Amino acid sequence: MSKPKIIGTSFSYPHLISLGIDPLLAIQELKKLNLSWVRLGCYWKEVEKSEGKFDSELEEKLLDSAQKLGLKVVLTVGMKAPRWPEYYLPSWLKKKIKLPKEGIFSLGQDFLEKKLTKYLKITIDKFKKYSVIKVWQIENEPLDPSGPYGWRISEEFLKKEAELVRFLDPPRPLLINLWGNELTLRDFYPYVAQIADIVGFDIYFRYFPPLDSEEKIKEIIKSIGKPVWITELQAEPWEPGEIVTKKKNPPSCLPQHISQNYRQVEKWGVEAVFFWGFEWWLYRKLNGDSRWWEEVVKLLQNC
């Protein structure tokens, strides 16, 4: 099987800010890695802090920087975005809606649907002028339960979002990703393959390894009949009870594991691999430990 044509990384500006790193500095640093693609999130909680008042100045600056740096962007839109706590619902919205007791956002929640639709329309209309955006990602692992309350988005709700984004900006392909460590257990990938142009799997080999065998995952990838991307490949530690580990040598992802993880998926027949961990590599480098950063540099030189 051919190797991935696209290698990129996820980039969470709220996480960078929480680590004390300027996102605009970070995207300049990212370019030094010689990566050509970046997966950015448009976080609803951040762009509509007050009801009806939209401020996407930082997102626009990041897209402008990406354009100048020659990067290609996957932009995530919706109520769910990369990194904890997974759902980025504005605080004013959470006060006005009935949050799901059974953990599922379903159709029929009129106020939520109305506000989400408005957010998506404004966001897509504003950003579709950017040629640097090559793909829209609809939500992040939408069908999989996650976050502190184990919420997920129903299939019908997700389909309605995808149809709206496709209507608002027909030329660009739509990506929908899934938690790849439990593919056959949850069995959402056939549905996603019906409504998305690109199917994404998030794979973490260490701490919570995939339940499916490598051969089974490759069989699933081949069966989908559409481009499959690894939208998150673990390349940072994931230690129990820690969002950002303080361990010097966290066993869930030592520097050498980055190359090991990539070598394991590069022959799966996927079109793209996006590393999960750029914020961590940069954080450690800025704090005097560049082992993870240097491992990525070395890996990319040999890809």
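Just so it is clear, none of the values below were taken in a lab; they were calculated from the coordinates. What you see is a predicted model, and the numbers here were worked out from it, not measured in a lab. With ideal geometry, Cβ positions are generated from the backbone for all residues, glycine too; neighbour counts draw on all protein chains shown.
With respect to Gly147, is the statement that it is of a type outside the set (A, V, I, L, M, F, W, C) and closer than 30 Å to Lys61 by Cα true? Talk me through it step by step, then tell me what you get.
On the way: of a type outside the set (A, V, I, L, M, F, W, C): yes; closer than 30 Å to Lys61 by Cα: yes.
Judged against the criteria, Gly147 is a match.
Residues to consider are Lys3, Lys68; find the one that is touching a residue at least 12 places away in the same chain (Cβ under 8 Å), among the basic types (Lys, Arg) and surrounded by fewer than 21 Cβ atoms within 10 Å (Cβ to Cβ). Quick ask: steps written out before the conclusion?
On the way: Lys68 fails: touching a residue at least 12 places away in the same chain (Cβ under 8 Å).
Result of the check over Lys3, Lys68: Lys3.
Of all residues in region 168-209 being over 20 Å from Pro227 (Cβ atoms) and in contact with a helix residue (DSSP H, G or I) (Cβ under 9 Å, 6 or more places away or on another chain), which is surrounded by the most Cβ atoms within 10 Å (Cβ to Cβ)?
Among those that are over 20 Å from Pro227 (Cβ atoms) and in contact with a helix residue (DSSP H, G or I) (Cβ under 9 Å, 6 or more places away or on another chain), it is Tyr204.
When Val38 is evaluated against the numbered criteria (1) in contact with a helix residue (DSSP H, G or I) (Cβ under 6 Å, 6 or more places away or on another chain); (2) among the aliphatic types (A, V, I, L, M); (3) within 15 Å of Ala272 (Cβ to Cβ), which criterion, by number, is the only one it fails?
(1)
Checking the condition under 25 Å from Pro148 (Cβ atoms) and out of contact with any strand residue (DSSP E or B) (no Cβ under 8 Å at 6 or more places or on another chain), which residue from Leu282, Leu185 passes? Let's see the steps before the verdict.
Working: Leu282 fails: under 25 Å from Pro148 (Cβ atoms).
Just a single option satisfies the conditions, and that option is Leu185.
Listed here are the residues, each with its yes/no results for (1) over 16 Å from the mean Cα position of the chain (by Cα); (2) among the aromatic types (Phe, Trp, Tyr).
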residue	(1), (2)
Phe11	no, yes
Pro14	no, no
Gly20	yes, no
Leu33	yes, no
Glu59	no, no
Thr76	no, no
Pro82	no, no
Lys98	yes, no
Gly103	yes, no
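Which count do you get for residues in region 261-284 that are without any contact (Cβ under 8 Å) to a residue 24 or more places away in the chain and out of contact with any helix residue (DSSP H, G or I) (no Cβ under 7 Å at 6 or more places or on another chain)?
Kept after step one, since they are without any contact (Cβ under 8 Å) to a residue 24 or more places away in the chain, are these residues of region 261-284: 263, 284.
From what's left, out of contact with any helix residue (DSSP H, G or I) (no Cβ under 7 Å at 6 or more places or on another chain): 263.
Of the residues in that region, 1 qualify.
Would you check which residues across region 233-242 are hydrophobic (A, V, I, L, M, F, W, C) and either surrounded by fewer than 16 Cβ atoms within 10 Å (Cβ to Cβ) or assigned to a strand (DSSP E or B) (or both) and list them?
The initial filter retains those residues of region 233-242 that are hydrophobic (A, V, I, L, M, F, W, C), namely 233, 235, 238.
Leu233 - this is the single residue of region 233-242 that is hydrophobic (A, V, I, L, M, F, W, C) and either surrounded by fewer than 16 Cβ atoms within 10 Å (Cβ to Cβ) or assigned to a strand (DSSP E or B) (or both).
Give the number of residues within region 217-232 that are outside any strand (DSSP E or B), under 27 Å from Ser252 (Cα atoms) and either of a type in the set (S, T, N, Q) or in contact with a Ser or Thr (Cβ under 8 Å, 6 or more places away or on another chain) (or both).
Final tally of qualifying residues: 1.
Of a type in the set (Asp, Glu), out of contact with any Lys or Arg (no Cβ under 9 Å at 6 or more places or on another chain) and surrounded by fewer than 21 Cβ atoms within 10 Å (Cβ to Cβ), is that true of Asp22? Can you show your working first?
Working: of a type in the set (Asp, Glu): yes; out of contact with any Lys or Arg (no Cβ under 9 Å at 6 or more places or on another chain): yes; surrounded by fewer than 21 Cβ atoms within 10 Å (Cβ to Cβ): yes.
It is true that Asp22 is of a type in the set (Asp, Glu), out of contact with any Lys or Arg (no Cβ under 9 Å at 6 or more places or on another chain) and surrounded by fewer than 21 Cβ atoms within 10 Å (Cβ to Cβ).
Return yes or no: is Glu156 of a type in the set (D, E, K, R), surrounded by 14 or more Cβ atoms within 10 Å (Cβ to Cβ) and in contact with a Leu (Cβ under 7 Å, 6 or more places away or on another chain)?
Numbers: of a type in the set (D, E, K, R): yes; surrounded by 14 or more Cβ atoms within 10 Å (Cβ to Cβ): no; in contact with a Leu (Cβ under 7 Å, 6 or more places away or on another chain): yes.
No; evaluated as a whole, the condition is false for this residue.
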